[in-house]
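The values are calculated or read from the model by the stated rules, or taken from the named source; none is laboratory data. It should be emphasised that the depicted structure is a prediction, and the values quoted were computed from it without experimental measurement. Here Cβ is always computed from backbone atoms with ideal geometry, including for glycine, and neighbour counts include all displayed protein chains.
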Amino acid sequence: MMISPLICPTCAQPLHQHDASKGLYCDAKHHFDRLAQGYYPLVKVKAKTPQSSVSRQQMRARQFLLQSGVFQPLVDTLKQLMLSLTTDKKQVNWLDYQCGDGYYLAQIHAFLVSQQQADNVSTWGVSDAENALFAASKLQSPACLIFSALKALPFADNSIDIVTLFDAPIKGQECIRILKDDGRIVLVQPSHQHLWQIKQQVYPDLVEKPFQINIPKRLSIDTQECVSFDINVSGDQALGLLDSSLFAWRANDELRHQIKAKSIDGLKCEFDVLVLKQI
Ligand SMILES: [Zn+2]
């Protein structure tokens, strides 16, 4: 039996793990097995959980892009950051919120292993998209993968040391509720300039804006870093980047065709990497 930060989604009592079956259970005998698809569905018994799903095409495009290493400078920055946040800590619970296929977590975790800095780190990946979790499991994510409603995460109050949001905005209070008092939230956000040359085609009247970010009231910025780099991409890659961006919906077929037809040299990529702490 191991001590975990997990709580029962039905009655909120601590969850224990059964050694032999790896199933999770609480003292009120609610039981949750790991599915063959590689994740635990930690959702209220008999409740309907809203779930999102990522289209297979979107997920493929994203996987293909990330695995081609286009965002390597960002990944390198995150590796060093997570190394510094986990070094000299006895036990670190790291939750990757909306973990997607787990690309960033897997890259960073492998790096921590190479630095002999992973033994004290327990990793959890949570998502409300079951197909993303299945993809993460197929890619042999080192994290314990959990399907959950994002409005009620199955973690105890003050139980998590680090919450990472690599590809999701911070919404609501759940990430803060589960965070330890001295915990940190790592938030990665594409900056206004990210994918600039593609964005210019989508929004013809685009102007540069200064840094602006909305942070929940109970948090403040501990550290902040801007990761900026240029990449050369083929038309196919440019289209993949457009498809995985928040402004994809604005591009009509004609524009998509134009973007696919032309490679871009020196495409600007820029991310703000914020470490947030509780006030
Ligand atoms: Zn229970």
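How many residues are free of Cβ contacts under 8 Å to residues at least 12 places away in the same chain and among the small types (G, A, S) if we restrict to the range 224-279?
Residues flagged as free of Cβ contacts under 8 Å to residues at least 12 places away in the same chain and among the small types (G, A, S) within the range 224-279 amount to 1.
Considering only the range 209-226, state which residues are basic (K, R) and within 15 Å of I185 (Cα to Cα). Within the range 209-226, K217, R218 qualify. The test for being at pLDDT below 95 and within 18 Å of S245 (Cβ to Cβ) holds for L66.
Number of residues in the range 10-35 that are within 14 Å of the ligand (Cβ to nearest atom), assigned to a loop (DSSP other than H, G, I, E, B), within 26 Å of the chain's Cα centre (by Cα) and surrounded by 17 or more Cβ atoms within 10 Å (Cβ to Cβ) equals 2. Go through the range 243-263 and give me each residue that's outside any loop (DSSP other than H, G, I, E, B) and over 24 Å from V188 (Cα atoms). Across the range 243-263, the qualifying residues are D253, E254, L255, R256, H257, Q258, I259, K260. Does Y97 qualify as being among the aromatic types (F, W, Y), under 19 Å from A136 (Cβ atoms), at pLDDT 95 or above and within 16 Å of the ligand (Cβ to nearest atom)? Taking the combined requirement at face value, the residue does not satisfy it.
Testing A152 on (1) touching a Ser or Thr at 6+ places or on another chain (Cβ under 8 Å); (2) farther than 24 Å from V273 by Cα; (3) of a type outside the set (D, E); (4) at pLDDT below 95, one condition comes back false. Which one is that? Every listed condition holds for A152 apart from (1).
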